[in-house]
Every structure is written in C-alpha cells, then in structure tokens.
C-alpha cells in the first residue's frame with residue numbers, strides 16, 4: 001500500500017500538506033493530528049484504513065509539519081475549520097472526521113459551522129477539558145523556546161513530560177516532529193506563533209456545541225486514554241449530555257497521545273466503529 005503526498009490550497013499563499021492512501025471515491029476518512037504533532041502520528045492508521053477499503057486523507061494542520069504557516073498569525077478555530085472543509089472537498093461525499101486533541105476540536109467546530117461528516121471520532125478530546133491537563137501540556141509546549149542542541153536532548157524533554165512512555169532507543173522518528181535550523185538546533189515542527197496567538201475563551205466551543213444540531217444525528221465515538229490528564233469523568237459526562245448517542249472506547253494504559261501509546265488497539269477501535277456506521 002502506497003501513499004501520495006498532495007498540497008491543498010486553502011487561502012491565498014497558504015496550502016495544506018496531506019498524504020492520501022486507498023482508492024479515490026471510496027468513503028473518506030480525514031485524519032487530523034493534535035497540536036504540536038504532525039500527520040506522521042497517523043502513518044500506520046492511514047494505511048490500515050486504506051487496507052480496510054477507505055480513502056484516507058492524513059493532513060498537517062496549518063502551521064504544523066509541511067503545511068504553510070500563517071504570515072499574519074491567524075490560527076483561529078474558525079480558520080482551522082475552513083481549512084478542514086477544503087481538505088474534505090478532496091474526498092468523497094461520504095466522509096468521516098477523526099481528530100486528536102486540536103484536530104478533534106477543529107472537527108467539532110467545522111461540524112458546528114456546517115461541515116457534515118457521516119461520522120466523527122474524537123481522540124482524547126472533549127469540549128470541557130481538564131484545566132490541569134491543559135495547563136500541563138501548554139507548559140510543555142512553550143518550554144524550550146530556543147530548541148534543543150540534539151535529538152537526545154529533545155528525547156529527554158519528552159521523557160520528563162511523559163515518563164510512562166518508554167524512551168525510544170532509535171531517535172530517527174523525532175526528525176518528523178523536529179526541524180533543524182541554520183544554527184544547528186532542533187525545534188518543534190510548528191510555528192511558535194501558534195502558541196502565542198489568542199485561542200479564545202474556552203466557553204466558546206461549549207456555546208457552539210450547545211447551538212449545534214449535528215450532535216443529534218452524527219454517529220460519534222470518543223476514544224479515551226484511561227491515563228489521560230486532558231479528559232476526566234466530568235468532561236466525558238458533559239460530552240455525553242451534548243451527544244446522547246455517544247459511544248466510548250476506553251484504551252487502557254494510554255495517555256493523551258492515545259494513538260502513539262496503544263496504536264494497534266486504537267486503530268482497531270476506530271476501524272470497527274467506522275465499519276458499522278460508514279461501511280467501506
């Protein structure tokens with residue numbers, strides 16, 4: 001199974017990088033990674049979706065990976081939702097959105113603004129996030145603004161933030177999430193102005209969800225890492241109130257980065273759900 005890398009124009013001077021796999025015209029699954037990640041966090045999932053008969057579009061969010069950065073620093077949720085709508089236009093009429101963290105928030109906003117997926121998978125994200133978890137991940141992502149002297153130093157920082165995940169012996173995979181500057185230092189593969197830009201009142205998404213109508217008709221799965229510090233029971237209860245038909249797949253031993261922690265279990269849960277609600 002091979003992938004093809006494409007670029008999708010979303011605004012003047014701005015295009016989105018995406019990998020596609022599978023047969024064009026088949027029901028489409030669009031994969032949106034979390035903040036600070038790149039599309040490569042979905043590499044295995046993308047291929048397994050294609051093998052299951054879907055057309056997968058795995059994209060880098062604006063300001064991340066190989067996608068363009070906003071010269072004006074516009075990384076609003078509305079802009080991200082518009083980007084997602086442009087990406088969805090490259091798939092079939094039947095499509096599902098799979099979004100982790102920021103990618104999941106983007107999917108919820110896009111659906112609330114009129115994009116109509118046939119199914120939605122939220123990966124360890126809910127509108128009412130744990131303040132403790134948000135503060136922890138924000139602190140990590142804004143640390144080391146001058147980057148790292150080596151991949152080893154970056155790996156040490158990740159291990160300190162995420163001690164439950166074994167430190168990789170082969171650090172070559174970090175090259176997909178880091179870029180080496182002219183000064184030789186390694187920095188995260190995303191625009192640092194994204195973290196500095198206003199991300200709005202947290203109540204904005206809650207109000208948008210209250211006013212949305214897709215929550216009554218779009219089959220929705222929440223894949224939750226049972227060791228997550230971003231999604232707590234209160235957040236799950238709040239989402240269940242907003243989406244009465246919500247399904248939940250609990251992945252034991254996984255934290256907020258569910259797909260990275262328990263990739264095979266995650267992929268199996270997502271494909272089983274999609275096979276029921278949007279058969280390939």
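Filter segment 241-258 for residues that are over 19 Å from the mean Cα position of the chain (by Cα) and farther than 24 Å from residue 216 by Cβ and give the result.
252, 253
Where residues in segment 207-235 are closer than 17 Å to residue 273 by Cβ and in contact with a strand residue (DSSP E or B) (Cβ under 7 Å, 6 or more places away or on another chain), which of them is modelled with the lowest pLDDT?
The selected residue is 225.
Please enumerate the residues belonging to segment 1-28 that are assigned to a strand (DSSP E or B), under 24 Å from residue 176 (Cα atoms) and in contact with a helix residue (DSSP H, G or I) (Cβ under 9 Å, 6 or more places away or on another chain). Working first, answer last.
Within segment 1-28, the first condition is being assigned to a strand (DSSP E or B), and the residues that meet it are 4-11, 14-21, 24, 26, 28.
Checking which are under 24 Å from residue 176 (Cα atoms) leaves us with 4-10, 14-21.
Scanning segment 1-28 gives 8, 9, 10, 14, 16, 17, 18, 19, 20, 21.
Looking at segment 5-27, is at least one residue more than 18 Å from residue 89 (Cα to Cα), at pLDDT 95 or above and either crowded, with 18+ Cβ neighbours inside 10 Å or under 14 Å from the mean Cα position of the chain (by Cα) (or both)?
no
Test of understanding: among 229, 210, 238, which residue is touching a residue at least 24 places away in the same chain (Cβ under 8 Å), surrounded by fewer than 18 Cβ atoms within 10 Å (Cβ to Cβ) and touching a helix residue (DSSP H, G or I) at 6+ places or on another chain (Cβ under 6 Å)? Give the steps one after another, and end with the answer.
Values: 210 fails: touching a helix residue (DSSP H, G or I) at 6+ places or on another chain (Cβ under 6 Å); 238 fails: touching a helix residue (DSSP H, G or I) at 6+ places or on another chain (Cβ under 6 Å).
Going through 229, 210, 238 in turn, the sole match is 229.
Yes or no, residue by residue, for (1) surrounded by fewer than 23 Cβ atoms within 10 Å (Cβ to Cβ); (2) assigned to a loop (DSSP other than H, G, I, E, B):
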site	(1), (2)
49	no, no
57	no, no
62	no, yes
69	yes, yes
72	yes, yes
82	yes, no
93	yes, yes
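The values are calculated or read from the model by the stated rules, or taken from the named source; none is laboratory data. Please read these numbers as outputs of a predicted model, since none were measured by experiment. Cβ coordinates were reconstructed from backbone atoms using ideal geometry, including for glycine residues, and neighbour counts include every protein chain displayed.
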